[in-house]
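Peer 1: What follows is a structure written as structure tokens; I'll ask about it next.
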Amino acid sequence: MNKRYIDIINVISLRGPNIWTYRPVLEAWVDIGDLEDAPSNTIPGFYERLNAWLPGLIEHRCGIGERGGFLLRLKEGTWPGHILEHVTIELQNLAGMQTGFGKARQTSKRGVYKVAVRSRNEQVSRTALFAARDLVMAAIDDQPFDVAAVVEKLRDMVDSLCLGPSTACIVDAAADRRIPSMRLNDGNLVQLGYGSRQRRIWTAETDKTPAIAESISSDKDLTKRLLSSCGVPVPEGRAVDGPDDAWEAANDIGLPVVVKPSDGNHGRGVSTNLTTREDIEAAYKLAIDEGSEVLVERFVPGDEHRLLVVGGRVVAAAKGETAWVTGDGASTVAQLIDSQINTDPRRGLTEEFPLNLVLLEEDPAVRLELTRQGYSPESVPEQGKQVLIQRNGNVAFDITERIHPRVAAVAALAARVVGLDIAGVDLVAEDIGRPLDEQRGAIVEVNAGPGLLMHLKPASGEPRPVGRAIVDHLFGDQESGRIPVVGVAGSHGTTLVARLVGRLLHLHGKYVGVACGDGLYVNERRIEKGDCANWQSGNRILMNRAVEAGVFENGCRAILAEGLAYDRCVVGVVTGIDPDALLPDFYIDDAEKLVNVIRTQVDVVLPDGVAVLNAGDERVAELASLCDGDVLFFGQHPDLPRLQAHRQQDGRAVYLRDGQLIMAVGTEESALCRMADIPMAAGDAERHLEAILAAVGAAWALGLPADLIRTGLETFDNGLAAAK
């Protein structure tokens, strides 16, 4: 019986570093049945159909390393597991979730492959994976497939599930500085860094943003009064309690005026350059629908500008432009808007577009502007007649290089007066290159949590590295946001190593979190019993703002099922590799594959970190060449070949000699203590011996003093007799 199918039999979300890569991936176990005997070059028309549906596949370099590499493999003949990998990647790219990494590897079972692709969002990647399976099968069976519909669905998911562009640019900037990040909710709340050194952002607000300052900024009248008291130029005006009062205030201030909500945002409900009672009363009704109170202010001539202030300095600026249409004597205003404004490729409904679409039915300010000029959406302007559609908004044209230093200083002062560490300062001026007092320019608003897209993707001009400015504001030049992280992997003794290292760090004065096989510990208190050597428990430690150091036990099963909880570590310990401790349910059915799992712990050691490896286990010792940092070997005997060779290179080592625990650097030895003085070594020394040596090596790698290590060993509670 012919079995032409692709069956996805299991999907695993690896949320941290794993056997594939440092990044989160989605791993699928795929059974291709009899397609194992049908590579792509044997299926008539398959190459042409797939290439026509997904022309972007030409950019996939594959293992060949050049443009068109995957298509070459497709022509020569490759298998559905490999094809599924690339189609999943391409669907994610088309949806706007850029992905480059993917791998497909055959398992020991015929026709079953493991396929891994980079996953920035698990739900999107899962949907893309199953859509890719259906697409590949449609191409194999010469059936129709609606690629556009699938991509549209994925794009909607990306828009609703992934980080917004403002938050994403900050997270990407943190990654460029090797600062780790963790998403804390389904929205844009993100933790940068670990434990006590973390900072939090929520879009463009940070944990340095005072709640009082945010409240002040949302009250435009209060903001104006505070700014004015500090000498910041603001337009004269006051709050009004009705249409009649608005007209009275306008006459007191002097026409023309601006009417706007006191607590609105994004320019909604704002009407400018008003000169008649009818317009002012209509503008009042528009503004009150957008806020709880209405302000009437002096109209400031000029263009609207948005200056982004981060940490007391202006880092970017954008200018707004009015929107017009020109009549042709035949088209209505609504038709002209669609043909002359909304066709601009820079306009759209999502955040990826620097300019918004003009939607008459959703924007009463546009309808009011038309009414003031004697038009309606159905009016047909005469040939060549210009009609103003939007007076404010479209602040997306970069003018950062043109800001006068005195204007930048005033904007920074405005943010400081309100109390915001990150602020969007709105000002109106005819020329941003001249001081405000020379042109009666004024600051009209100071906003908390400003949008960054106008600076990241301006309608014209240079994009600005605003994400990097925010990260640099949160972390000093020498700060990485990292706490000391110790990872422990291996086939035996790992729980004891984790507990002992946690104890030594505690004695060193650190508030320590330990996630290991016998529980979750915070500051030496067990807050959860049972096996906590998993991603979720590790994540809890890294989220804890009190934790100053973390120790994590990593079993092979957890690495395969979840990935590591942290991205990199300062110390990575491998105790040993038992070639018989295989995991056939994960297709880890030989020693080489097991080594590939455990090497994950060594792969993530930081360049300034240390891998602590068992010199008595050749499989472990061979991992030394994979470490980005230094290596410290431990072993029960000083004459182990690996250990001796390492010492000849002036490397560090921990071992036993004549009942003494020795710490050596090259040929220089220092006795730490006698094994007989370590309670946990009594009676069952052979079982705990290597774990003790590994823990000493980790503590030494962390820079703990010898006296403290000795004291910790001699006083450690020997209640871990059952430790793994």
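Peer 1: What residue, among those in the range 634-644 that are in contact with a helix residue (DSSP H, G or I) (Cβ under 7 Å, 6 or more places away or on another chain) and not in a helix (DSSP H, G or I), is surrounded by the fewest Cβ atoms within 10 Å (Cβ to Cβ)?
Peer 2: 636
Peer 1: Return the only residue of 254, 237 being surrounded by 20 or more Cβ atoms within 10 Å (Cβ to Cβ) and either in contact (Cβ under 8 Å) with a residue 12 or more places away in the chain or at negative phi (or both).
Peer 2: 237
Peer 1: Does residue 22 count as of a type in the set (Ser, Thr, Tyr), in a helix (DSSP H, G or I) and either within 19 Å of residue 102 (Cβ to Cβ) or assigned by TED's automatic domain parsing to the domain that holds residue 77 (or both)?
Peer 2: For residue 22, the condition - of a type in the set (Ser, Thr, Tyr), in a helix (DSSP H, G or I) and either within 19 Å of residue 102 (Cβ to Cβ) or assigned by TED's automatic domain parsing to the domain that holds residue 77 (or both) - is not met.
Peer 1: A further question on this structure: With the condition being over 27 Å from residue 206 (Cβ atoms), I'd like the strands (runs of 3 or more DSSP E) fully within the range 268-347 carrying at least 1 qualifying residues.
Peer 2: Result: 271-274, 294-298, 303-310, 323-326.
Peer 1: Ok, one more. Applying the selection to the range 180-217, what residues are hydroxyl-bearing (Ser, Thr, Tyr) and surrounded by fewer than 16 Cβ atoms within 10 Å (Cβ to Cβ)?
Peer 2: Hits for the range 180-217 are 196, 215.
Peer 1: Now a separate question. Can you pull out the strands (runs of 3 or more DSSP E) entirely within the range 485-579 that have at least 2 residues that are out of contact with any Pro (no Cβ under 7 Å at 6 or more places or on another chain) and closer than 27 Å to residue 27 by Cα?
Peer 2: 485-489, 512-516, 549-554, 569-574
Peer 1: List the number of the failed condition for residue 96; all other conditions in (1) in contact with a Pro (Cβ under 9 Å, 6 or more places away or on another chain); (2) modelled with pLDDT under 95 hold.
Peer 2: Condition not satisfied by residue 96: (1).
Condition check ((1) surrounded by fewer than 14 Cβ atoms within 10 Å (Cβ to Cβ); (2) part of a helix (DSSP H, G or I)) across all residues:
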position	(1), (2)
611	no, no
621	no, yes
632	no, no
646	no, yes
669	no, no
676	yes, yes
693	no, yes
698	no, yes
703	yes, no
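Peer 1: For residues that are out of contact with any helix residue (DSSP H, G or I) (no Cβ under 7 Å at 6 or more places or on another chain) and not basic (Lys, Arg), scanning just the range 657-667, find the one that is surrounded by the most Cβ atoms within 10 Å (Cβ to Cβ).
Peer 2: 662
Peer 1: So which of 78, 99 ends up being touching a Lys or Arg at 6+ places or on another chain (Cβ under 6 Å) and without any contact (Cβ under 8 Å) to a residue 40 or more places away in the chain?
Peer 2: Being touching a Lys or Arg at 6+ places or on another chain (Cβ under 6 Å) and without any contact (Cβ under 8 Å) to a residue 40 or more places away in the chain holds for just one of 78, 99, which is 99.
Peer 1: Let me ask another. With the requirement that a residue be surrounded by fewer than 16 Cβ atoms within 10 Å (Cβ to Cβ) and closer than 23 Å to residue 151 by Cα, what does the range 52-66 give you?
Peer 2: Of everything in the range 52-66, those that are surrounded by fewer than 16 Cβ atoms within 10 Å (Cβ to Cβ) and closer than 23 Å to residue 151 by Cα turn out to be 52, 55, 56, 58, 59, 61.
Peer 1: Another question, then. For the range 360-386, what are the residues that are among the β-branched types (Val, Ile, Thr) and either surrounded by fewer than 19 Cβ atoms within 10 Å (Cβ to Cβ) or outside the structural domain of residue 345 (by TED's automatic domain parsing) (or both)?
Peer 2: 371, 380
Peer 1: Just name the residue that is surrounded by the fewest Cβ atoms within 10 Å (Cβ to Cβ) out of those in the range 504-561 that are in contact with a strand residue (DSSP E or B) (Cβ under 8 Å, 6 or more places away or on another chain) and of a type in the set (Lys, Arg).
Peer 2: Looking at residues that are in contact with a strand residue (DSSP E or B) (Cβ under 8 Å, 6 or more places away or on another chain) and of a type in the set (Lys, Arg), I get 529.
Peer 1: Separate question: Could you name every one of the strands (runs of 3 or more DSSP E) located completely within the range 385-456 that has at least 1 residues being at pLDDT 95 or above, within 19 Å of residue 236 (Cβ to Cβ) and in contact with a strand residue (DSSP E or B) (Cβ under 9 Å, 6 or more places away or on another chain)?
Peer 2: Per the criteria, 422-429, 442-448.
Peer 1: In addition: Does residue 19 satisfy the condition of being over 18 Å from residue 131 (Cβ atoms), touching a Ser or Thr at 6+ places or on another chain (Cβ under 7 Å) and not basic (Lys, Arg)?
Peer 2: So residue 19 fits the description; yes.
The values are calculated or read from the model by the stated rules, or taken from the named source; none is laboratory data. Being a predicted model, the structure only gives us computed values, none of them experimental. Cβ sites come from the backbone with ideal geometry, for glycine too, and all protein chains shown count toward neighbours.
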